[in-house]
There are 2 protein chains.
Amino acid sequence: MTKTREKRRSALRIRRKPGYRRIATEEAWAPTEMLELYMKLMAKRSFDEPGFRSLMGFYLQSPSERARQVAERLQWLDERRIRDMDDSGIDMQVLALTAPGVQIFDRATAVSIAKSSNDQLAEAVRTWPDRFTGLAAVAPQDPPAAAKELERAVLKLGLKGAVINSHTHGEYLDDDKFWDILEAAEALNVPIYLHPRDLPRTMLQPFVERGLDGAIYGFGCETGLHMLRIIVSGALDRFPKLRFIIGHGGEALPYWMYRVDYMHAAAVRSKRFASAKPLKKRPGDYLKENIYITTSGMAWAPAIMFAQSVLGVDRVLYAMDYPYQFTPAEVAAMDAMPISARAKKMFFQSNAERVFNL
Amino acid sequence: MTKTREKRRSALRIRRKPGYRRIATEEAWAPTEMLELYMKLMAKRSFDEPGFRSLMGFYLQSPSERARQVAERLQWLDERRIRDMDDSGIDMQVLALTAPGVQIFDRATAVSIAKSSNDQLAEAVRTWPDRFTGLAAVAPQDPPAAAKELERAVLKLGLKGAVINSHTHGEYLDDDKFWDILEAAEALNVPIYLHPRDLPRTMLQPFVERGLDGAIYGFGCETGLHMLRIIVSGALDRFPKLRFIIGHGGEALPYWMYRVDYMHAAAVRSKRFASAKPLKKRPGDYLKENIYITTSGMAWAPAIMFAQSVLGVDRVLYAMDYPYQFTPAEVAAMDAMPISARAKKMFFQSNAERVFNL
């Protein structure tokens, strides 16, 4: 680390030897070819994905500093990324293909880009094994192929789980046509990271009308919905050892836990929905037993400590959300959280080591 | 109170003289005529409101115990309701017309039912002034009439604010065509209670497919969205003394506060949306200064204490959500919250007295 960088880090009060490794668990990257395919899609007038156009159109086409920085850094899978990690005190990144990943493509393209991006990610992990690890991209458009690719990525490439960027063409993983993927993840003993993406057209309008469709709010509603759909579908009774990870403080589900449990029990009792079947446990129990949460975009001690108190300190993992929220000062704030040294090591390091089998 | 009832209350550990009055601030009622109009609407095949059909169709037509109990108790505005209040230790209810209130009707019907229901509610308040107070129904379909009715309800009838059941035919209060209502509430120094209702068709589908459109989850997303739309529109810069109240633990907005502030600042800087204009304060500041939250449906000490810690103990008010969540045991749980006696009196009593000018 250069003197200047060292100085900057200490000005931010990011401690050099804090007594734990800082593992950031929701860090995004994108192969240049994929971003070029995104641009090609958007150039087609017939391409009718208003949420994607609004969101990725911004990141890939806006002249703003924020959009340019994000688009450029997403493509760094080399020393430039490691320099940013050094500047912000991050020892290791758990990398995942940025949203919506391959889920915007047709089936064949999705299957092909998932493979090639996993190969590239694995190459970077082999080059910097102490700094990078990663999750496999899979194409839910073709569930058997996705299961097979996850197996290849874990067993052959050494990746640590799968990332799924919420809905795929408006469909959700609670539909059992996707359960090949869930079955494979459980059999391989790897987690599925359920990450937000642009909202489906079936819920976009009231959010996008006021610019609230993205990370500011819509992401959380939609990904929280996706996780709840999976829970109430009974998928976690069918795959009881399956682990999911959700970011952004658990997409507010820890805060909603009491109400979800109360209203789910009421709905099951009153048989309001044919689909509201009894589950083996309360929805909140799956949240506590099958789901881990990360703090991407939520570098805020009160919310993190609340989540730790209701889920357990073993369930909450640090994440930065690089490069979308590359804010080194937040690392210093997390270092300063008023929790025990043991809890802090779990938060930054040992929970991630356990969940991702590092 | 009869001996049996007294026994039941003490079995639930609801203290008789806790040192505060328990004022429940989000309690629902419905005139029989309005429910009959709902039934008439649903009988029309041409009536195309899928969210309303799914939700009120359940409460008014399901043979389940839950639906029958709710539909019956909604119509009690007399000794029967007071008996339930006695059984659960509630000294006073702040009553509001149940969702979606008049907002499902055509303009003329809405204006007329708002008036007649306010008259009925005021009559009940006059009869039991120590036990009931209430909020005015207004018809956003006709903003000038709504403003006028709010003025009549406050100045002539003695009601304490307005209830607005989220969207009106898919439109939100951030649209300045509704601002007559906001202006009137500010001028009268009364709060607007922004309450959930069935989701608009523009976001219903992915929620209702798995029975997650109602109180279990969809309500929170949509009402939180509504509140954020109002905040980012600048309405609270235009009406800086206006106070809103949102229930259900603030619809998770206290938990989202850090992320909303971060991403709003990023969106304003990068000019992603023409509508994302700079505000005088951060979104979270409006949450702390213009908005009060209640605990309807969220009788859970960890979430309540988290909200108190980030908003202030003066911003969080008790609510039961009778008759939708008539669960006397929850009152005992709230009595037992590990907070100071002073904070508990604010929670149950003095915050409500201040916010509603009781």
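The values are calculated or read from the model by the stated rules, or taken from the named source; none is laboratory data. None of the values given here were measured: they were computed from a predicted structure. Cβ sites come from the backbone with ideal geometry, for glycine too, and all protein chains shown count toward neighbours. Each accessible area value is taken on the protein alone, full model and side chains, heavy atoms only, with ligands, DNA and RNA left out. Shrake-Rupley method; radii C 1.70, N 1.55, O 1.52, S 1.80 Å.
What to note about this one:
- Yes/no for A:M298 being closer than 20 Å to A:R21 by Cα, buried (at least 21 other Cβ atoms within 10 Å of the Cβ) and out of contact with any strand residue (DSSP E or B) (no Cβ under 7 Å at 6 or more places or on another chain): yes
- Within region B:106-135, no residue that is touching a residue at least 12 places away in the same chain (Cβ under 8 Å) and of a type in the set (D, E, K, R) sits with its Cβ atom under 8 Å from a residue that is outside any helix (DSSP H, G or I) and open to solvent by 80 Å² or more (accessible area, probe 1.4 Å) at 6+ positions apart or across chains.
- Among the residues listed as B:T109, B:T25, the single one being outside any strand (DSSP E or B) and of a type in the set (V, I, T): B:T109
- Listed by first and then second residue, the pairs with beta-carbon distance under 7 Å, at least 6 apart or on different chains, first residue in region B:49-77 and among the polar types (S, T, N, Q), second surrounded by fewer than 20 Cβ atoms within 10 Å (Cβ to Cβ) and part of a loop (DSSP other than H, G, I, E, B), are B:S64/A:K271.
- Which listed residue is on the phi < 0 side of the Ramachandran plot, assigned to a loop (DSSP other than H, G, I, E, B) and basic (K, R), from B:R210, B:R259: B:R210
- The residues in region A:48-65 that are outside any helix (DSSP H, G or I) and more than 17 Å from B:S275 (Cα to Cα) can be counted, and the count is 3.
- Pairs linking a residue in region B:321-346 that is closer than 30 Å to B:A71 by Cβ and of a type in the set (D, E, K, R) to a residue that is open to solvent by less than 30 Å² (accessible area, probe 1.4 Å) and in a loop (DSSP other than H, G, I, E, B), with Cβ atoms under 7 Å and 6 or more positions apart or on different chains, are B:D321/B:S296; B:D321/B:G297; B:E330/B:A299; B:D335/B:I14; B:D335/B:P18.
- Candidates A:L182, A:L228, A:L199, A:L173: the one that is closer than 25 Å to A:F58 by Cα and open to solvent by less than 10 Å² (accessible area, probe 1.4 Å) is A:L199.
- Tally, over region A:256-274, of residues that are farther than 16 Å from B:E65 by Cα, in contact (Cβ under 8 Å) with a residue 24 or more places away in the chain, facing another protein chain (nearest Cβ under 7 Å) and open to solvent by less than 30 Å² (accessible area, probe 1.4 Å): 2
- Yes/no for A:R229 being in a helix (DSSP H, G or I) and more than 20 Å from the chain's Cα centre (by Cα): no
- The one condition from (1) assigned to a strand (DSSP E or B); (2) surrounded by fewer than 23 Cβ atoms within 10 Å (Cβ to Cβ) that B:V125 does not meet is (1).
- Positions within region A:12-41 being among the hydrophobic types (A, V, I, L, M, F, W, C) and either open to solvent by less than 20 Å² (accessible area, probe 1.4 Å) or in contact with a strand residue (DSSP E or B) (Cβ under 9 Å, 6 or more places away or on another chain) (or both), in sequence order: A:I14, A:I23, A:A24, A:A28, A:W29, A:A30, A:M34, A:L35
- Some residue of region B:77-88 being at negative phi, within 21 Å of the chain's Cα centre (by Cα), hydroxyl-bearing (S, T, Y) and open to solvent by less than 20 Å² (accessible area, probe 1.4 Å): yes
- Tallying residues that are in a helix (DSSP H, G or I) and not aromatic (F, W, Y) within region A:181-207 yields 14.
- Boolean, A:A139 is more than 14 Å from every other protein chain (Cβ to nearest Cβ), of a type in the set (G, A, S), without any contact (Cβ under 8 Å) to a residue 60 or more places away in the chain and part of a loop (DSSP other than H, G, I, E, B): yes
- The criterion of at least 2 residues that are more than 13 Å from chain B (Cβ to nearest Cβ) and over 16 Å from A:Q93 (Cβ atoms) is met, among helices (runs of 4 or more DSSP H) falling completely within region A:294-358, by A:328-335, A:341-345.
- Pairs meeting the criteria (first residue in region B:185-214 and at the interface with chain A (Cβ under 8 Å from one of its Cβ atoms) and farther than 19 Å from A:A265 by Cα, second residue among the small types (G, A, S) and assigned to a loop (DSSP other than H, G, I, E, B), beta carbons under 6 Å, at least 6 apart or on different chains) are B:P200/B:G170; B:T202/B:G170.
- Selection of region B:239-255 for residues being open to solvent by 10 Å² or more (accessible area, probe 1.4 Å) and assigned to a helix (DSSP H, G or I) yields an empty set.
- If you filter region B:269-324 down to residues that are at pLDDT below 95 and among the aliphatic types (A, V, I, L, M), you find that the one that is nearest to B:N351 (Cα to Cα) is B:A276.
- Residue within region B:174-195 that is at positive phi and polar (S, T, N, Q) present: yes
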